[in-house]
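Peer 1: A single structure is presented below for examination.
The values are calculated or read from the model by the stated rules, or taken from the named source; none is laboratory data. Quick caveat, the model's predicted, so the values are computed rather than measured. So basically every Cβ, Gly included, is an ideal-geometry build from the backbone, and we count neighbours across all protein chains shown. Side chains are part of the model used for accessible areas, which takes the heavy atoms of the whole protein and leaves out ligands, DNA and RNA. Shrake-Rupley method; radii C 1.70, N 1.55, O 1.52, S 1.80 Å.
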Amino acid sequence: MKRTERHHLKENEIAEWVMGLREWFGANRNAATYGALVIGALAIAVSGTVAWRQWSATRGSAMLAEAMAVAEARIVPPAAPASSAQAPSQEPGTYPSERVRQEAALPRFMAVAEAYPSGQAGIIARYRAGAALVALGRSDEAIRRFQEVAERSSGVYRAMARLGVADACLAAGQYDRAIAALQEIVTQHPEDAPLDGVLMELGRVYRLAGKVEDARKAFKRVADEFPQSPYAAQARRELDS
């Protein structure tokens, strides 16, 4: 077949396809228009959702960074006034004590946590709010914040939250609750945190609670099951003492 003939056949095929498409569109104008609108709406919805998530993540990260800047600001005791009539001066961007700094950071962390409850920035902020509450001596509130993190997250954040619960209970002298939180990690979620470290902390809490035999068992597990652990030598010293 000559090249020109092939070319004409190709043109005829394209023309027939275009004519067929025009006829179908004419017969199904309403359906085609509706379908195009639906597809367009879906495309807008998907792109809008992606853009919203990106904006939310960026905004959440920015808010978290601002809260972290407060939580990690320098502590500078105010300079003595030149005279008793003058109020002590405070260097901008600093705080006179750890307590004042934690009190300033706490509402900022909670603002991020409430604005982005399921996002990474919100989860980190909620955990840091729990840590601030522990430092402020508000252990019951801290426990609630850590429990919320454990419920909303997985992996390392969940493990940190469970350890946070134990730390808050320990700070409040609630040894039995601290032991229960650590035992939950050991027995139900050993994959979430280094087991040797959790057992070592569990042994310390048992000892503080006066449960010497339970403490010995925890230290022995570290020494026997994790001989290469950085905690193994310390566990053996605890057993010897």
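Peer 1: Looking for something in contact (Cβ under 8 Å) with a residue 24 or more places away in the chain, under 18 Å from Ala218 (Cβ atoms), of a type outside the set (Gly, Ala, Ser) and open to solvent by 50 Å² or more (accessible area, probe 1.4 Å) - is there at least one such residue anywhere in the range 178-193?
Peer 2: No, because not a single residue in the range 178-193 is in contact (Cβ under 8 Å) with a residue 24 or more places away in the chain, under 18 Å from Ala218 (Cβ atoms), of a type outside the set (Gly, Ala, Ser) and open to solvent by 50 Å² or more (accessible area, probe 1.4 Å).
Peer 1: Restricting to the range 110-150, give me the number of residues that are over 21 Å from Ser61 (Cα atoms) and in a helix (DSSP H, G or I).
Peer 2: Qualifying residue count, the range 110-150: 10.
Peer 1: Assess whether Ala161 counts as being open to solvent by less than 70 Å² (accessible area, probe 1.4 Å), of a type in the set (A, V, I, L, M, F, W, C) and more than 15 Å from Ala125 (Cα to Cα).
Peer 2: On the way: open to solvent by less than 70 Å² (accessible area, probe 1.4 Å): yes; of a type in the set (A, V, I, L, M, F, W, C): yes; more than 15 Å from Ala125 (Cα to Cα): no.
Criteria not met by Ala161.
Peer 1: Within the range 213-236, can you find the residues that are closer than 8 Å to Asp196 by Cβ and surrounded by 15 or more Cβ atoms within 10 Å (Cβ to Cβ)?
Peer 2: Val222, Phe226, Ser229, Tyr231, Ala232
Peer 1: Could you grab me the full set of residues in the range 132-152 that are within 13 Å of the chain's Cα centre (by Cα) and either open to solvent by 20 Å² or more (accessible area, probe 1.4 Å) or aliphatic (A, V, I, L, M) (or both)?
Peer 2: Residues satisfying the conditions are Arg145, Gln147, Glu148, Val149, Ala150, Glu151, Arg152.
Peer 1: Filter the range 200-241 for residues that are closer than 21 Å to Leu170 by Cβ and of a type in the set (Asp, Glu) and give the result.
Peer 2: If the condition is that a residue be closer than 21 Å to Leu170 by Cβ and of a type in the set (Asp, Glu), then Glu201, Glu213, Asp214, Glu238 are the ones that fit.
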